[in-house]
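Some notes on the structure that comes next.
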Amino acid sequence: MTRKQLHTGSMYWPSTASQPVQSYEPLGNRHVQYDSVIVGGGMSGILCGHELATKGIRTAVVERGTIAGGSSCANTGLIQFTNDIMLSELADRIGEERAVLFYKACSDAIKHLSSLTDSLASRCDFKHRSSLYMATTEQDVPKLKREFQMLNSHGFDVEWWTPHDIQAHFPFTKTGAIVTHGDAEVNPFLLIHALADDAVNAGLTIYEHTDAIRHTTSKTEEHLLTTSDGGTITAERVIFAVGYEPEELRTQLVKSNLNRSFAIVTEPQTASFEAWHERMMIWETARPYLYMRTTPDNRIIIGGLDEEPPQPIESAAARNKRISKLHDRLEQMFPAMTAPTAYEWSATFGESRDGLPFIGRDPARRNVYYCLGYGGNGTVYSVMARQLLYELIQGQAPPLAELLKLDRPSLLSIP
Ligand SMILES: Cc1cc2nc3c(=O)[nH]c(=O)nc-3n(C[C@H](O)[C@H](O)[C@H](O)COP(=O)(O)OP(=O)(O)OC[C@H]3O[C@@H](n4cnc5c(N)ncnc54)[C@H](O)[C@@H]3O)c2cc1C
């Protein structure tokens with residue numbers, strides 16, 4: 001299979017590793033057998049692999065490149081329970097009860113990630129943070145207020161901030177904002193490696209540089225994956241965690257919109273962060289939205305400017321216009337933060353067409369599952385998937401599975 005280029009530019013996260021990360025041998029042309037095989041070694045695949053291995057299920061992950069080298073390397077590491085689709089918009093679409101079930105699952109996934117990261121031996125820079133969700137324009141205030149009211153009425157930890165409140169905490173103002181508590185930031189690259197190290201200790205096998213090119217099912221319902229090097233893996237079940245490359249499934253099941261997005265990371269700032277209240281993560285109501293966060297080494301990450309088509313921009317000169325725009329936006333909001341851009345990238349970014357992730361069984365093939373981290377909250381979805389898939393494998397029927405399954409009504413009704 002041809003490898004899709006998922007990002008271009010200079011990636012920040014690999015530079016944060018204090019020592020070379022662990023690499024894993026390819027499968028080569030060997031034949032091996034496992035209970036579960038996971039295709040894809042990004043955030044989704046490694047989180048799932050970690051869950052299954054620590055629960056005693058003999059599992060292998062096959063990754064065509066290196067783990068954490070796909071879209072997960074472009075991830076800017078904001079972990080939020082609020083989604084690209086507002087709770088109130090989701091409630092209009094699928095009903096309030098189900099929308100709240102999903103939002104609560106996002107909030108629980110962050111708590112789960114918090115305790116999971118506590119248990120890891122290696123660092124992944126997970127830190128609890130609050131977020132400032134700003135109205136981009138005056139016209140957005142009523143819908144943001146409605147969102148606040150719905151979140152508040154369902155017990156989410158939120159505050160409404162007036163322009164005065166915003167100005168008292170930041171060097172800029174806006175016409176209104178929701179402050180959400182219970183969010184977090186993480187270093188996605190280090191998180192994947194820390195999870196992989198831990199999972200390998202618990203029995204997970206990882207094969208890097210191993211491209212699964214064919215999947216067949218025998219009459220006895222055993223799954224066979226063949227790799228480009230002539231290796232084969234047989235397993236009771238297969239989990240596809242292939243990110244934005246679900247070529248074989250696209251037309252039938254994965255109804256997504258693929259775009260490209262941009263992010264920059266500045267040099268460490270010399271100015272004080274006192275004017276950046278509690279280093280909150282910042283985003284806005286505009287779609288596509290801009291977002292910002294800080295890093296432990298006093299840099300600022302700014303991302304957004306999503307546009308068509310999905311292919312990342314190859315030429316640095318062509319990316320320059322977007323890089324300057326992101327940097328200008330930072331300086332407008334934080335005039336003292338003048339450190340120049342140190343890293344910048346362009347990457348494919350996928351969203352599902354109904355705003356919910358794709359997690360669950362293949363409706364037509366037994367023991368085939370999907371864990372696809374689409375959407376700006378992909379990490380939260382991957383965490384959710386890890387628990388959900390384990391429950392499904394155990395034969396349970398969690399209500400959330402019904403909401404996120406690939407043949408759900410909200411997707412089937414979309415052409
Ligand atoms: C610019 C940008 C910023 C983002 N910011 C955030 C953020 O702040 N917070 C957040 O939660 N999410 C964010 N996301 C989304 C997040 O990056 C994704 O949710 C996440 O990367 C998805 O992980 P994944 O494991 O599903 O995909 P990937 O990381 O792409 O992993 C899939 C892997 O599967 C492998 N693969 C595919 N096919 C095969 C095959 N046939 N055989 C073997 N291997 C195969 C690929 O090589 C790849 O490594 C952002 C995304 C982008 C692009």
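The values are calculated or read from the model by the stated rules, or taken from the named source; none is laboratory data. All values reported here derive from a predicted model rather than from experimental measurement. As a convention, Cβ positions derive from the backbone with ideal geometry for all residues, glycine included, and neighbour counts pool all protein chains shown.
List of remarks:
- Sole residue being under 30 Å from LEU52 (Cα atoms) and not assigned by TED's automatic domain parsing to the domain that holds ILE46, chosen from PHE170, PHE102: PHE102
- Against the test of being crowded, with 16+ Cβ neighbours inside 10 Å, polar (S, T, N, Q) and not assigned by TED's automatic domain parsing to the domain that holds VAL242, the options THR136, THR210 yield a single qualifying residue, THR136.
- Of all residues in segment 8-58, those that are within 13 Å of the ligand (Cβ to nearest atom) and at pLDDT below 95 total 0.
- All of LEU225, LEU190 fail the test of being assigned to a helix (DSSP H, G or I) and either surrounded by 14 or more Cβ atoms within 10 Å (Cβ to Cβ) or within 10 Å of the ligand (Cβ to nearest atom) (or both), apart from LEU190.
- Sole residue being closer than 18 Å to ASN257 by Cβ, of a type in the set (Gly, Ala, Ser) and under 20 Å from the mean Cα position of the chain (by Cα), chosen from GLY373, GLY360: GLY373
Here's the yes/no breakdown for (1) at pLDDT below 95; (2) in the same structural domain as GLY49 (by TED's automatic domain parsing):
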residue: ALA336; (1), (2): no, no
residue: THR341; (1), (2): no, no
residue: SER346; (1), (2): no, no
residue: ARG365; (1), (2): yes, yes
residue: CYS371; (1), (2): yes, yes
residue: GLY376; (1), (2): yes, yes
residue: VAL380; (1), (2): no, yes
residue: VAL383; (1), (2): no, yes
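- Listed conditions (1) part of a loop (DSSP other than H, G, I, E, B); (2) over 30 Å from LEU204 (Cβ atoms); (3) hydrophobic (A, V, I, L, M, F, W, C); (4) touching a strand residue (DSSP E or B) at 6+ places or on another chain (Cβ under 8 Å) are all met by LEU144, apart from (1).
- For segment 256-312, filtering for residues that are of a type in the set (A, V, I, L, M, F, W, C) and more than 15 Å from the ligand (Cβ to nearest atom) leaves 5.
- The residue of segment 56-115 that is nearest to the chain's Cα centre (by Cα), among those that are outside any helix (DSSP H, G or I) and free of Cβ contacts under 8 Å to residues at least 40 places away in the same chain, is GLY69.
- Out of TYR370, TYR381, TYR390, TYR374, sole residue that is farther than 18 Å from LEU90 by Cα, of a type in the set (Phe, Trp, Tyr) and within 11 Å of the ligand (Cβ to nearest atom): TYR370
- Qualifying residue in segment 347-364 (condition: within 11 Å of the ligand (Cβ to nearest atom), touching a helix residue (DSSP H, G or I) at 6+ places or on another chain (Cβ under 8 Å) and of a type in the set (D, E, K, R)): no
Here is a yes/no grid of residues against (1) in contact (Cβ under 8 Å) with a residue 24 or more places away in the chain; (2) in contact with a strand residue (DSSP E or B) (Cβ under 7 Å, 6 or more places away or on another chain):
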position	(1), (2)
VAL158	no, yes
PRO163	no, no
PRO171	yes, no
ALA184	yes, yes
PHE189	yes, no
ILE206	yes, yes
HIS209	yes, no
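- Among the criteria (1) surrounded by fewer than 21 Cβ atoms within 10 Å (Cβ to Cβ); (2) of a type outside the set (Lys, Arg); (3) within 11 Å of the ligand (Cβ to nearest atom); (4) under 21 Å from PRO310 (Cβ atoms), the one THR66 does not fulfil is (4).
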